[in-house]
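Peer 1: Dropping the structure in here first, questions after.
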Amino acid sequence: MGMYEFYRMALPDRTVEIWPAAVCGAMMMFIPFFGGDRLALAIITALFLAFALLFLFRVRDITTAARDIAYAVLGFLYIPFLLMHLVMLHQTAHGWQWLLVIMLIVMTNDTAAYYTGSAFGKHRLYPLVSPKKSIEGAIGGLGGSICGTMLAKFTFFPQMPLADALITAIVIGILGQTGDLFESLLKRSFGVKDSGNSIPGHGGVLDRLDSIIFAAPAMYYYVIYVF
């Protein structure tokens with residue numbers, strides 16, 4: 001659904017390509033279940049070649065063909081490739097705990113940032129991309145992330161050292177906010193307010209995934225190389 005929303009924003013005239021791209025993107029999420037770097041490379045290569053040929057033989061406007069292909073590739077890298085790290089994170093030791101940690105960090109960050117920004121927000125964080133977000137809200141969001149990891153440590157994840165809880169809260173919290181800003185950048189560039197309307201009051205699925213998309217790979221590589 002996130003892939004469909006992205007391509008509907010980026011390639012509104014490419015209705016034939018949108019659904020195959022969305023389905024193929026969803027299939028990419030299952031690559032880690034089969035294991036093997038070679039298989040992953042083979043699938044990604046096959047997808048790129050398939051869509052390169054599709055765009056080659058379905059040219060609408062030669063002056064925008066390169067831009068359309070770039071958007072198609074961006075959709076795969078931005079959504080399924082980055083979210084695929086959630087599957088790989090689940091396959092690590094304490095995988096389900098780490099998945100809950102990343103969800104807690106993102107949700108407490110979003111909630112704390114909203115209420116802190118609403119109450120105390122005076123200084124704009126990045127008005128060019130997101131006029132409503134404030135520096136005070138961003139700081140409050142990081143405080144919420146720390147509360148989220150502390151909740152995890154003292155309930156279902158006692159194996160996580162205090163240092164790891166603090167580091168992941170700050171790093172993943174910052175990246176989650178950055179992911180939100182990046183999606184806002186895309187939406188403003190495409191001239192839309194929300195990625196979709198499938199979640200009343202919140203926009204589309206991509207609007208709910210934006211923070212997790214950036215946080216997932218960072219959490220995975222932290223767990224692999226540090227924890």
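Peer 1: Among (1) out of contact with any Lys or Arg (no Cβ under 7 Å at 6 or more places or on another chain); (2) closer than 30 Å to Trp19 by Cβ, there is one condition Val129 misses while meeting the rest; what is its number?
Peer 2: For Val129, the failing item is (1).
Peer 1: Select, from Ile44, Ile79, Ile135, Ile139, the only residue that is aliphatic (A, V, I, L, M) and more than 21 Å from the chain's Cα centre (by Cα).
Peer 2: Numbers: Ile44 fails: more than 21 Å from the chain's Cα centre (by Cα); Ile79 fails: more than 21 Å from the chain's Cα centre (by Cα); Ile139 fails: more than 21 Å from the chain's Cα centre (by Cα).
After ruling out the rest, the residue left standing is Ile135.
Peer 1: So which of Gly173, Gly203, Gly148, Gly179 ends up being surrounded by 14 or more Cβ atoms within 10 Å (Cβ to Cβ), under 20 Å from the mean Cα position of the chain (by Cα) and free of Cβ contacts under 8 Å to residues at least 12 places away in the same chain?
Peer 2: Details: Gly173 fails: free of Cβ contacts under 8 Å to residues at least 12 places away in the same chain; Gly148 fails: free of Cβ contacts under 8 Å to residues at least 12 places away in the same chain; Gly179 fails: free of Cβ contacts under 8 Å to residues at least 12 places away in the same chain.
After applying the criteria, what remains is Gly203.
Peer 1: Starting from region 28-53, take each residue that is under 18 Å from Met3 (Cα atoms) and list its partners that are of a type in the set (Phe, Trp, Tyr), counting only C-beta distances under 9 angstrom and pairs at least six apart or across chains.
Peer 2: Matching pairs, first to second residue: Met28/Phe76; Met28/Phe81; Ile43/Phe34; Ile44/Phe76; Ile44/Phe81; Leu47/Phe76; Phe48/Phe76; Phe51/Phe76.
Peer 1: Could you tell me whether any residue of region 88-98 is under 15 Å from the mean Cα position of the chain (by Cα) and surrounded by fewer than 18 Cβ atoms within 10 Å (Cβ to Cβ)?
Peer 2: No, region 88-98 contains no residue that is under 15 Å from the mean Cα position of the chain (by Cα) and surrounded by fewer than 18 Cβ atoms within 10 Å (Cβ to Cβ).
Peer 1: Another question, then. Pairs only if they're at least six apart or on different chains, beta carbon under 6 angstrom, first in region 74-89 and assigned by TED's automatic domain parsing to the domain that holds Ile172, second of a type in the set (A, V, I, L, M, F, W, C) and surrounded by fewer than 18 Cβ atoms within 10 Å (Cβ to Cβ); list them, first residue then second.
Peer 2: Short answer, once both residue conditions are applied: none.
Peer 1: Can you tell me which condition Gly137 does not meet? The list is (1) of a type outside the set (A, V, I, L, M); (2) buried (at least 16 other Cβ atoms within 10 Å of the Cβ); (3) touching a His at 6+ places or on another chain (Cβ under 7 Å), and all the others hold.
Peer 2: (3)
Peer 1: Something else about it: I'd like to verify a number: residues in region 9-22 that are within 19 Å of Leu47 (Cα to Cα) and either out of contact with any Asp or Glu (no Cβ under 8 Å at 6 or more places or on another chain) or of a type in the set (Val, Ile, Thr) (or both), how many?
Peer 2: The total comes to 9.
Peer 1: Follow-up. Within region 59-72, restricting attention to residues that are modelled with pLDDT under 90 and in contact with a helix residue (DSSP H, G or I) (Cβ under 7 Å, 6 or more places away or on another chain), which residue is nearest to Leu206 (Cα to Cα)?
Peer 2: Ala72
The values are calculated or read from the model by the stated rules, or taken from the named source; none is laboratory data. Every value quoted in this text rests on a predicted model; they were computed, and no experiment measured them. No Cβ is skipped: glycine too gets one built from the backbone with ideal geometry, and neighbour counts run over all protein chains shown.
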